[in-house]
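All remarks here apply to the structure that follows.
Derivation of every value follows stated rules applied to the coordinates shown; laboratory data play no part. What you are looking at is a predicted structure, and each value in this text was computed from that prediction instead of being measured. Cβ sites come from the backbone with ideal geometry, for glycine too, and all protein chains shown count toward neighbours.
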Amino acid sequence: MKVSCLQENLAKGLSIVSRAVASRSTLPVLGNVLIATDQGRLKLAATNLELAVTCWIGAKVDEDGATTVPARVLSDFINSLPPERIDMELNVKTQTLHLKCARYDANIKGIDATEFPIIPSIGDGKKISLEPETLREMIEQVTFAAATDESRPVLTGVVTKFEKDKVTFAAADGFRLSVRHATLSTPIDQPISAIVPAKALQEVGRVSGDQEDPIEMAVTENKSQVLFKLTNIEIVSQLIDGVFPDFTRIIPESHATRTVVNTSELQNAVKASSVFAREAMNTVRVQIAPSGEMGAGKMTMTAASAESGDNVGDIDATVDGEPVEIAFNARYLADVLNVLHAPQVAIETSGSSSPGVIKAVNRDDFTHVIMPMHLGK
C-alpha cells in the first residue's frame, strides 16, 4: 500500500471512526483502525462488534493495500502534524506503516487487515430514505430519554417504527418518555419496527452535521443489524433484541390543567432552582395558579436544600384549568427544554401524582412525559 492524503482530511476521518474503537477487548485488532485503499479513495473503519463506523476520504493511491494500526497512536500522531500532505507506505512483511509529513517521520506497527472483522454494507434491499435535518432533530429529541444502565437492555435503545409515510422514534428510562413523529418523503411498502441502541443513533447524529443528501437506513433481513448510509460514511449497529413497552399507554389521554410559558424563561427558572435542588434529590416544586383573568396566571418554581437554603422563581403563564402543585426532577426538565426548539412550551398536568406532559406550542410531532416526584411536606 502506497497512498497520500491531506493531514486535515485524515484527522477528520479518524475522529469520525474513533468512537467505534473498542476501549477494552480481548481481541487486539478491535483497538485498531482499518486503513485500506478503495477505488481511488482511502477507507477508514473501526468496530467494537456492536457498532462499526466506516469513512472514506479523498487520497492519491499509488499502490493498493490494507492494514490495521492502533487507533490511539495513529490519531494522536496525526493530530500533532502540520496541515500538509501525508505519505503512507506499508511494509507488508512486518505490517509496519511508514508515515511522512513535512519534516516528521513515523513507523507504526500494525496487525494484518485479514484479522479485522467484516463489516456489512447496505445492499439493494429495502432502504428507508430520511431527511438529514429531520433525522438529526428526532435523534436529539429522543435519545436523551433512553436508559444508560444495562439492567433493562431494551430501555437503552430507541424503538423506531416505520409505517407507510410515518416514522416514530420513542425512548424511555422508567422516569420519562420522549416520542417524536415525522413524515417520510418516500413511503415504504411494509411496516418496520426495530430497537436501535441510543448510542448508535447519537453517532449518526454526530457525524451527519455536513450531510445534505437523504440518509439511507436499512434493517438486515434477520433483524439483527441496522445500517445508516451517508455520503462518505456508513454506520452499522447491532439491534437490541426484546420487546419495547407499549409507550402509548404511558401518555395521559387527558389533562386538568394546561399551562403555557415562555421556554427561555422556564429554562432560566429551572437553572436557578437546580442550584438548590441538586442537594435535595434534584426536586423542584412547581405551583401553577390561574388568576381568573382571560387565562392569565403564574407558575412558581421553588427548590429547598437543608444545607444550602432555598429559592423561589415566578414566571408569567397562560393557565387553562385548575390550580396544581407538582414536583419534578430539575435535570429532566432541563434536558427536555434544551431540545424543544420552540419559543413557547405547554405543560399538561392532572394532579400532583400524575405524569406531566411537555409539548412545544403549535407543534404536535413531539411529546415528552415526566413522572412526578413525591411532594414532601
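Starting from 0.36 nm per residue, how many nanometres of slack lie between K93 and S291 once their C-alpha separation is accounted for?
Net length gain for the segment: 63.1 nm.
How large is ³J(HN,Hα), in whole Hz, for each residue of segment 14-31 in order, when computed from phi with the Karplus curve 6.51 cos²θ - 1.76 cosθ + 1.60 and θ = phi - 60°, using x for Gly and Pro?
3J(HN,Hα) across segment 14-31, in whole Hz: 5, 5, 6, 7, 4, 5, 9, 5, 6, 6, 10, 8, 6, 9, x, 5, 6, x.
Taking 25 °C and 0.890 mPa s as the conditions, I'd like the Stokes-Einstein D for segment 1-138 in µm²/s, using the Kirkwood hydrodynamic radius from alpha carbon pairs.
Diffusion coefficient, whole number: 156 µm²/s.
Remind me, relative contact order of the chain in percent, using alpha carbon pairs under 8 angstrom and six or more residues apart?
Once divided by the residue count of the chain, the mean separation gives 12 percent.
Where a Cα-Cα gap under 13 Å defines reach, which aspartates and glutamates qualify for K298, not counting those fewer than 8 residues away within the same chain?
E265, D314, D316, D320, E322, E325
Semi-axes, largest first, in whole Å: what does sqrt of 5 times each Cα gyration tensor eigenvalue give for segment 128-248?
Value: 21, 15, 14 Å, ordered largest first.
What does the C-alpha gyration tensor say about the overall shape of the chain? Classify as rounded when a/c is under 1.5, otherwise prolate if a/b is larger than b/c, or oblate.
Taking the square roots of the gyration eigenvalues as a ≥ b ≥ c, the chain is prolate.
What are the ³J(HN,Hα) couplings of segment 191-203, residue after residue, when phi is run through the Karplus curve with 6.51, -1.76, 1.60 and θ = phi - 60°? Round to Hz, x for glycine and proline.
These are the phi-based 3J(HN,Hα) values: x, 10, 9, 8, 9, 9, x, 4, 4, 5, 5, 4, 5 Hz.
May I ask for the distance between the Cα centers of segment 272-287 and segment 56-104, given as a whole number of Å?
First find each Cα centre; the distance between them is then 52 Å.
Please check which bits of segment 5-25 a label hung off N79 would reach, taking the label as a point 7 Å along Cα-to-C-beta and the cut-off as backbone N under 17 Å.
7-23
With point charges of +1 on the Cβ of Lys and Arg and -1 on the Cβ of Asp and Glu, referenced to the Cα centre of segment 128-248, which listed residue (A172, M217, F144) lies farthest in the positive direction of the dipole?
Result: A172, furthest along the dipole toward the positive end.
Taking the Cα centre as origin and putting +1 on Lys and Arg beta-carbons and -1 on Asp and Glu beta-carbons, what dipole magnitude results for the chain, to the nearest 20 debye?
About 640 debye.
Less than 17 Å from a label point 7 Å out along the Cα-to-Cβ axis of T220: which backbone N atoms in segment 31-57 qualify, by residue?
Flagged as within label range: 46-54.
R0 = 30 Å: FRET efficiency of R363 with K161, Cβ-based, nearest 0.05?
Given R0 = 30 Å and the Cβ-Cβ separation, E is 0.95.
Just to confirm my numbers, what's the Cα centroid distance between segment 177-223 and segment 111-171 in Å?
Spelled out, the Cα-based centre of one part sits 5 Å from the other.
Would you mind checking the pairs K126/K223; K126/K161; K12/K60; K12/K93 and listing those with alpha carbons more than 19 angstrom apart?
K12/K93
Which one of Y104, N262, S75 has its Cα pushed farthest toward the positive end of the charge dipole of the chain, where Lys and Arg give +1 and Asp and Glu give -1 at the Cβ?
Y104
Excluding same-chain residues fewer than 8 positions from K166, which aspartates and glutamates have a Cα within less than 19 Å of its Cα?
E131, E133, E137, E140, D189, E216, D246, D364, D365
Taking K and R as +1 and D and E as -1, what net charge do the other residues with C-beta under 9 Å from the C-beta of V53 add up to?
Spelling it out: positives minus negatives among the neighbours equals -1.
For segment 96-157, what class follows from the C-alpha gyration tensor (a ≥ b ≥ c being the square roots of its eigenvalues): rounded when a/c is under 1.5, otherwise prolate if a/b is larger than b/c, else oblate?
prolate
For the pair I251/V312, report the inter-label distance in nm, with labels modelled 7 Å from Cα in the Cβ direction.
Taking the two extended label points, one gets 3.7 nm.
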